[in-house]
Amino acid sequence: MSSQSCEAYRGYSIDVEVTANNVVSLSGRELRYSVSWSIISLHVLSTPIASLPERLEFLSPDDAFSYGERRARTFIDGSLLSDVQ
C-alpha cells in the first residue's frame with residue numbers, strides 16, 4: 001500500500017492510499033490498483049470528515065492517485081456548496 005498527502009484544498013487535507021492487487025486475466029497475472037481517500041479539516045484536528053474506498057481498478061498507481069485526489073476535491077466542493085444553500 002502506498003499513501004500520499006495531496007496539496008491542501010479549501011481548508012482540507014486530502015490523503016490518498018493506493019493498494020496493489022494481483023489479478024488473473026487472460027494474459028496471466030497482472031497488477032491492478034485500488035484507491036481510497038480521506039479528508040481531514042485543517043482547522044480541527046480530528047478524525048477524517050470522509051474516508052471512502054472507490055470501487056474501481058486502475059492500470060497504474062499514478063492513475064489511481066490522481067483519480068482519488070479528483071474525487072476528494074469533488075466531495076469537498078459538494079460539501080461546501082450544500083453548506084451555502
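The values are calculated or read from the model by the stated rules, or taken from the named source; none is laboratory data. None of the values given here were measured: they were computed from a predicted structure. So basically every Cβ, Gly included, is an ideal-geometry build from the backbone, and we count neighbours across all protein chains shown.
Brief remarks on what is shown
- Verdict on SER27 being surrounded by fewer than 14 Cβ atoms within 10 Å (Cβ to Cβ) and in contact (Cβ under 8 Å) with a residue 40 or more places away in the chain: no
- Residue tally, condition acidic (Asp, Glu) and under 24 Å from TYR12 (Cα atoms), over region 23-62: 2
- Enumeration of residues in region 19-54 that are part of a loop (DSSP other than H, G, I, E, B) and either small (Gly, Ala, Ser) or in contact with an Asp or Glu (Cβ under 9 Å, 6 or more places away or on another chain) (or both): SER27, SER46, PRO48
- Long-range neighbours under 8 Å by Cβ, at least six apart or interchain, first residue at negative phi within region 54-77, second assigned to a helix (DSSP H, G or I): GLU54/TYR67; GLU54/GLY68; GLU54/ARG71; LEU56/TYR67; PHE58/ALA64; PHE58/TYR67
- Lone unmet requirement of (1) hydrophobic (A, V, I, L, M, F, W, C); (2) in contact with a Leu (Cβ under 9 Å, 6 or more places away or on another chain); (3) not in a helix (DSSP H, G or I) for VAL16: (2)
- In summary, ILE76 fulfils each of the numbered conditions (1) modelled with pLDDT under 95; (2) out of contact with any Lys or Arg (no Cβ under 8 Å at 6 or more places or on another chain); (3) surrounded by 12 or more Cβ atoms within 10 Å (Cβ to Cβ) with the single exception of condition (2).
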